[in-house]
Amino acid sequence: MNILLPAQINASGLLPFLALLGKPLAADEEVVLDFSELRRVTPAGLAALVATVVRWRREHHSVTFEGLKACSILGYLQRMDLFKTCGVELREPFQRHEAKGRFVPVRFIDHQVDTMGNDLAGCLAPGGEDYGHPMSHLYDLSWYVLTETANNVRQHSRGLGYVSAQVNRTEGFVRLAMADNGCGILKSFQDVGFKWSKRMTDAEAIRKALEPTVSSKGSPTNEGVGLTLVAGLVRQTKGWLMIVSGQGILQISDEPRLKTMNLPENARYQGTLVVMTFRQQNVLDYAALLHAAKIDAGLLPRAGEDIRFLP
Amino acid sequence: MNLELSIRELFGSHLADGAKAAEFRMGRIEPYVEICPQIILDFTGVRNANSSFINAMVAGLIEQHSVKVLKKLVFKGCNPSIQVLIHAAVELGVRKTAGRVNA
């Protein structure tokens, strides 16, 4: 199968791109990815591409990269470690600059989730490591959503996950994306025998996963609030969230209602992709945002139990 | 004798792994609930945590020992976001003991 990567894999080009990646392959069919027309790609496109290439290889498909000389953003793709993460080494005729405050190259989500969270949050909000620094709230929010989403990838997907992110300093947007090549949300519910999941669509399963205390793992290590609060924090910051899993898509934006739909052409994304955008200026008090997200999800009591806190 | 545990010394300043928290609760806190009059969980120096970690540690304790365990527990040195997470974990534990959660 030859896949000509579209010129723009941005907000509007992402879903058609995912549909391309989800096309079924015959056994041992070779995949040729043609980069010659690619001009722009977001972290979501990069993370989804890497997760899919790794899946194809796992399924014994040969994957080749063509049109690289004609690709006008080859240097950017190299800086984002697209090829490196796919196991392809290319010569780099340039010097890498500091990525801090600008982007997070594609990175494999390993078991050191807390360390990964520190590295990535430090990259998105440089200086925020210091409590009291102006970037500390963005640092903490990024760390929270990264670690909770990465925990989901590791605990539920049964596949491999990848993360990437970018900061647009002019507009003040922070874009985060995590993609895995696992079984998808619906299958993870069905495999543990939740009766209510039998007749669900992928989109309905994503919506269900956002409800508090719904988890395919359960106690003692998983209480099913991670994705709920990630979505809640996105709402509190008036940000944007998209989750793609199987055929389903769920979007949260500044509109009051969340939106569900299917990928075009009955395509399937094999795994789960989580994409978030925050506006830096809306992340001013992380603890207040977390408190509001917990209240909104019904996870805080109206009258608290007698909890003893000491300074 | 009271039991005081420095979470920062044991896990560092960022707490993300619910599995580690559950293991710690079962091995280092639960055996002392009936023995010690007071259990102090010292979060001094902990910058951030996620719900997975705090729920596995705190909600699990309430689930095992009922809400009465709060009379023995003291949470020390918590910054505002850790306090939010502990409040929510306690609420989750209370709901679980009341059978209102089926996670």
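Laboratory data are not the source of any read-out in this text; all were calculated from the coordinates shown. It should be emphasised that the depicted structure is a prediction, and the values quoted were computed from it without experimental measurement. Quick reminder, even Gly has a Cβ in these numbers, built from the backbone with ideal geometry, and neighbours come from all protein chains shown.
I'd like the mean, over residues of A:283-291, of how many other protein chain beta carbons sit within 10 Å of each residue's own Cβ.
4
Charges only on Cβ, +1 for Lys and Arg, -1 for Asp and Glu: so what's the dipole of the protein assembly as shown about the Cα centre, in debye to the nearest 20?
It comes to approximately 620 debye.
Sorting check: for A:86-93, A:41-48, which peptide has the highest mean count of neighbouring beta carbons within 10 Å, and how do the rest follow?
On the way: A:86-93: 11.2, A:41-48: 26.9.
Descending packing order for the listed peptides: A:41-48, A:86-93.
Let's test the formula: R0 of 51 Å, r as the Cβ-Cβ distance of A:Y76 and B:Y32. What FRET efficiency results, to the nearest 0.05?
With a Förster radius of 51 Å, E is 0.40.
Taking springs between alpha-carbon atoms closer than 10 angstrom, which of A:A27, A:A288, A:A51 fluctuates most in the Gaussian network model of chain A?
A:A27
Taking the number of other C-beta atoms within 10 Å as the exposure measure, put B:R8, B:R28, A:R96 in order starting with the fewest.
On the way: B:R8 17, B:R28 13, A:R96 10.
By the 10 Å Cβ count, ascending, the order reads A:R96, B:R28, B:R8.
For the pair A:A288 and A:E211, how long in nm is the line joining their label points, each one 7 Å along Cα→Cβ?
Rounded to a tenth, the inter-label distance reads 3.3 nm.
Please give the net charge around A:G248, taking every other residue with its beta carbon less than 10 angstrom from that of A:G248, where Lys and Arg add +1 and Asp and Glu add -1.
0
State the Cα centre-to-centre distance between segment A:65-100 and segment A:239-284 in whole Å.
A separation of 27 Å, based on Cα centres.
If you count, for every residue in B:16-25, the Cβ atoms of partner chains within 10 Å of its Cβ, what is the mean?
On the way: counts 14, 8, 11, 7, 2, 2, 4, 2, 0, 1.
Taking the mean over all residues of the peptide, I get 5.
Checking the a/c ratio against 1.5 first, then a/b against b/c, what shape does the Cα gyration tensor give for the protein assembly as shown? Provide the component values of the computation, followed by the final result.
On the way: a/c = 2.09, a/b = 1.66, b/c = 1.26.
In terms of gyration-tensor shape, prolate.
Once the piece of chain linking A:D254 and A:N266 is laid out straight, how much longer is it, given 0.36 nm per residue of separation minus the C-alpha distance between them?
Gain on stretching A:D254 to A:N266: 1.6 nm.
Where the centroid of each part is defined by its Cα atoms, how far is segment A:25-51 from segment B:38-103 in Å?
Between the Cα centres of segment A:25-51 and segment B:38-103 lies a distance of 44 Å.
Which distance in nm do the two modelled labels at B:E4 and B:V67 give, with both placed 7 Å along the Cα-to-Cβ direction?
A separation of 3.0 nm, rounded to one decimal place.
Among A:117-128, A:11-22, how do they line up from the highest to the lowest mean number of other beta-carbon atoms within 10 Å?
On the way: A:117-128: 21.8, A:11-22: 18.7.
The packing order, highest mean first, is A:117-128, A:11-22.
Sorting A:K69, A:K84 on the 10 Å Cβ count, fewest up front, what's the list?
Neighbour counts put them in this order, fewest first: A:K69, A:K84.
Calculate for the protein assembly as shown the 222 nm mean residue ellipticity that helices alone would give, adding -39,500 (n - 2.57) per DSSP H run of length 4 or more and normalising by residue count, nearest 500 deg cm²/dmol.
-10000 deg cm²/dmol
Please sort B:30-38, A:184-192 by packing, taking for each peptide the average over its residues of neighbouring beta carbons within 10 angstrom, highest first. Show your work: numbers first, answer last.
Details: B:30-38: 12.2, A:184-192: 21.2.
Result, highest mean Cβ count within 10 Å first: A:184-192, B:30-38.
From other protein chains only, count the Cβ atoms within 10 Å of every residue's Cβ in A:143-149, then give the mean.
5
What is the gain in length, in nm to one decimal, between A:R199 and A:D306 on full extension, counting 0.36 nm per residue of separation less the C-alpha to C-alpha distance?
On the way: separation 107, 0.36 × 107 = 38.52 nm, distance 4.28 nm.
That pair, A:R199 and A:D306, stretches by 34.2 nm at full extension.
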